[in-house]
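The values are calculated or read from the model by the stated rules, or taken from the named source; none is laboratory data. All figures in this text were calculated on a predicted structure; none of them were measured in a lab. When we count neighbours, we look across all protein chains shown, and the Cβ atoms used for this are built from the backbone with ideal geometry, even at glycine.
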Amino acid sequence: MSLLRTLFILILIYLVFVYISRLFSPAQKRPDQLNEGREQLYPCPTCGTYNTAPVAFRANGDYYCNRECFNQRGK
Ligand SMILES: [Zn+2]
């Protein structure tokens, strides 16, 4: 009976440990997710589509969604 109780306590301690580690691990991931969310969207001046800076064509501070819109700039 005492062995069962010891096993039960060990399992309880393990479950509490897993629960606490799960509580803390998402909190550590949140800053990364915030950084990803901070990625800015730029409207294409030609067609109005919103683009992220790395994929957009940049000219004179404006971000164009593709080369076609980029070529039509200023028209
Ligand atoms: Zn466009």
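Quick one: in segment 59-74, of everything that is modelled with pLDDT under 85 and not basic (Lys, Arg), which residue is surrounded by the most Cβ atoms within 10 Å (Cβ to Cβ)?
That would be Tyr63.
Can you tell me which residue is nearest to the ligand (Cβ to nearest atom) among those in segment 48-58 that are modelled with pLDDT of 85 or more and surrounded by 12 or more Cβ atoms within 10 Å (Cβ to Cβ)?
Thr49
Scan (1) at pLDDT below 90; (2) exposed (fewer than 10 other Cβ atoms within 10 Å of the Cβ); (3) not charged (D, E, K, R) for the single condition Leu3 breaks and write down its number.
(1)
List, please: which pairs have Cβ atoms under 9 Å, are six or more places apart or on different chains, and start with a residue in segment 21-47 that is in the same structural domain as Tyr63 (by TED's automatic domain parsing) and surrounded by 10 or more Cβ atoms within 10 Å (Cβ to Cβ) and end with one that is charged (D, E, K, R) and modelled with pLDDT under 70?
Going by the 9 Å Cβ cut-off, the qualifying pairs are Thr46/Lys75.
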